[in-house]
Every structure is written in C-alpha cells, then in structure tokens.
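Take a look at the structure below.
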Amino acid sequence: MPSGAAWPLTGSSDYALWAGHIGFGIRPSARRRGLATWALGRMLEEARMLGLDRVLAVCAVDNGASARTIERCGGVFEGVRETRLGPARRYCIEL
C-alpha cells in the first residue's frame, strides 16, 4: 500500500489558481517521517523541468503540518483566501 501521493498541476487554469499547482497527501500511518517534504521537493524539481519559475501551494487554514511542509520547501505565505472547500493558506514558491 502506498504511503502517499504527490501530483503537479501545470499552467494557470482556474483550478490551479484556487487549488494550487502542487498537491500532496500522506496516509496517517506514514506521517511524521519526512515523506511530505520529500514528495513536495520532488514535485518542485518536476515543476522546474516543466519550465515553471514559481508555483502556488495551498493548504487548509487548520492544517499546520502541511503549512510547515510548504514553508520548509521555500513557501512564502501570501495570505488566506476563501476557496470552494473553505479558507486556504496560500504560499508562493519561487523555483
């Protein structure tokens, strides 16, 4: 069984503008092992290879673990914005 997943979203589609360019999720039993940081780092490498110079990463306002992971990978907090799924913290990551 996989421990988690990460996926890139390219371009500036409406979806990417509110959901971010990169997503990641780690199953509860595999958390606190650095997998999210590793996965986000790999996705940032992929984004560079795709020619992106910056990406948007978002997480729920109450998801401190994801916020710390994004910040650890260079995310700069831009603020909170309402999304279809509720308020989300927005981060810019320069590549």
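Every number in this text was worked out from the coordinates using simple rules, so none of it is lab data. Remember, predicted model here, so these are calculated numbers, not experimental data. In this analysis, Cβ positions are derived from the backbone assuming ideal geometry, glycine residues included, and neighbour counts consider all displayed protein chains.
Brief remarks on what is shown
- You can think of it this way: the chain between SER29 and GLU46 has 3.5 nm of extra reach, that is 0.36 nm per residue less the Cα-Cα gap.
- Nearest-0.05 FRET efficiency for ASP14 and ARG68, computed from C-beta distance (R0 25 Å): 0.35
- Fewest-first ranking of LEU56, LEU40, using other Cβ atoms within 10 Å as the exposure measure: LEU56, LEU40
- Kirkwood hydrodynamic radius of the chain, Cα pairs, Å: 13.4 Å
- Excluding exposed DSSP-loop trypsin sites (Lys or Arg not before Pro) (at most 14 other C-beta within 10 Å), longest clean stretch of the chain: 34-83
- Taking each DSSP H run with n ≥ 4 as -39500 (n - 2.57) and averaging over every residue of the chain yields -9500 deg cm²/dmol at 222 nm.
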